[in-house]
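Written below as structure tokens is the structure these notes are about.
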Amino acid sequence: MMRIASKGHGVEGAGHGPAQPDEALSVESLSAESWLVSAGRERHAGAPLNVPIMPASNFVLGKGRGRVYARNEGVPGWEALEEILGGLEGGEAVAFASGMAAIAAIFDQVPEHALLALPADCYQGVLSLAEAGQSRRGWRIERIGVTDTAGWVRACGVADLIWLESPSNPLLEVADLDTICAAPRKAGAILGVDNTFATPLNQRPLELGADVSVHSATKFIGGHSDLLCGVAIARDVSLCADLRRVRVLAGATPGALEAFLATRGVRTLALRLERAQRNAEELAERLERHARVSCVRYPGLKSHPTHAAAKRQLKGFGTVISFDVKGEASDADAVCRRLKLIQHATSLGAVESTIERRALHHGQEHLPETLLRLSVGIEAVEDLWTDLEQALGEG
Ligand SMILES: *Cc1c(COP(=O)(O)O)cnc(C)c1O
């Protein structure tokens, strides 16, 4: 049974220590929404309700196994965040300075001359990381389409790292994780799922059989476009220890302020997601009927190629919509410029809606050049629609 208390990483007597065990509170006895709000808190008389920001690099030495140095043993903020997310996804969480830091720690486990199976529609930073390993460590890379389930199943038997992103970015295709995670894997292989787009509320990869789940906590978990943070979650104790070791050696540790902000952000994840998702569902349907829009990709739409998989696998369809503006790249750019409420900015998963033309990014040239990726926020849906209508103009 997963307690609300931290499972402990050998750090004791640090003053603001990990939360006290509370037999009444466990992730199994609470809904996810309540767990997000209540986990990772100290529960003894006089304790602050929130884990304080502790800007400390080093700690007074004494008897026992207290904290020594923040890069090694962490500050209390990380433990609260790790407890919340680990509990929710059913594993041990390891917090990092960014999503890429978490992913790099996982890729660091991959031996020389290994075979890596990556999605065809792969996050650019991950692709660059793998390509660096190609020249430095002799890695071989195989790219597989998100919906090519047979290709992934075959890769599970031969690859050393199987890396999935589902829903994918920015086409929002949903991989058949049920089937892929259940396929027999090569001994020692790691199957990782980038769960950033789904959030821990919509999808729990470890429950499906993945070895590790990662989040760019910069996105939905923080939720306010004001921090960089990442987290990897795994069940295997030795994999978790290896990830912590890389975190220490690479100095890829989140700052005290970032840990605080991510923890504060995740408290409201359920509310934010519920609202933004409802907005996204409504806007996707309206965009699909708009005369100046030619193709809307949203897993919740019946027209989406992986709608069936999304319905089966995800609790909600997410907050990101990709759509093509009729015309040329300059027409899509003009839409971004004319928007007033919706910000012309990259990234996703925040309270405010943002939009960008993805083909502008390096490595995204394969996308339709008029494709806009809209990350829907928590504003009033009618205000968002009014803004989109005025920016799209007449058909
Ligand atoms: C943003 C993002 C990352 C990288 O996360 P950072 O926090 O920016 O390092 C990785 N995967 C996905 C799907 C992302 O959206």
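What the table below lists for this structure:
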item: Cβ-placed point charges (K, R +1; D, E -1), dipole of the stretch 21-266 about Cα centre in debye, nearest 20; result: 780 debye
item: Set of lysines near Lys326 by C-alpha distance (under 30 Å), chain-local residues within fewer than 8 positions excluded; result: Lys219, Lys302, Lys311, Lys340
item: Mean separation of Cα contacts under 8 Å, 6 or more apart, over the residue count of the stretch 317-395: relative contact order %; result: 36 percent
item: The stretch 128-176: C-alpha gyration tensor shape, a/c 1.5 cut-off, then a/b vs b/c; result: oblate
item: Sorted peptide list for 25-38, 190-203, 369-382, criterion being average Cβ within 10 angstrom, highest first; result: 190-203, 369-382, 25-38
item: The stretch 218-312: Cα Rg divided by the 2.2 N^0.38 Å rule of thumb; result: 1.50
item: Positive dipole terminus of the chain, leading residue within Cys156, Phe220, Ala95 (C-beta point charges); result: Ala95
item: Percentage relative contact order, the stretch 25-110, counting C-alpha pairs under 8 Å, at least six apart; result: 24 percent
item: Scaled radius of gyration (Cα, divided by 2.2 N^0.38 Å) that the stretch 82-179 gives; result: 1.11
item: Convex hull volume per residue in cubic angstrom - Cα atoms of the chain; result: 139 Å³
item: Amide H contacts under 5 Å for Met54, placed H, 5+ residues apart; result: Gly77
item: Top positive-direction residue, dipole computed over the chain with Cβ charges, set Leu314, Val231, Gly62; result: Gly62
item: Protection proxy ranking, peptides 106-116, 89-99, 212-222, 51-61, average beta carbon neighbours within 10 Å, highest first; result: 212-222, 89-99, 106-116, 51-61
item: Kirkwood hydrodynamic radius (C-alpha pairs) into Stokes-Einstein, the stretch 269-392, 4 °C and 1.567 mPa s, D in µm²/s; result: 90 µm²/s
item: Rel. contact order, % - alpha carbon contacts under 8 angstrom, at least six apart, the chain; result: 14 percent
item: Peptides ranked, highest mean first, by Cβ atoms within 10 Å: ranges 225-232, 312-319, 240-247; result: 225-232, 312-319, 240-247
item: Environment charge of Val153, counting only residues whose C-beta is closer than 11 Å and scoring Lys/Arg +1, Asp/Glu -1; result: 0
item: Dipole of the stretch 245-395 [Lys/Arg +1, Asp/Glu -1 at C-beta], most positive-end residue of Leu341, Leu283, Val293; result: Leu283
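Values in this text are rule-based calculations from the coordinates and carry no lab data. In this text the structure is predicted, and so the values were computed from the model without any measurement. So basically every Cβ, Gly included, is an ideal-geometry build from the backbone, and we count neighbours across all protein chains shown.
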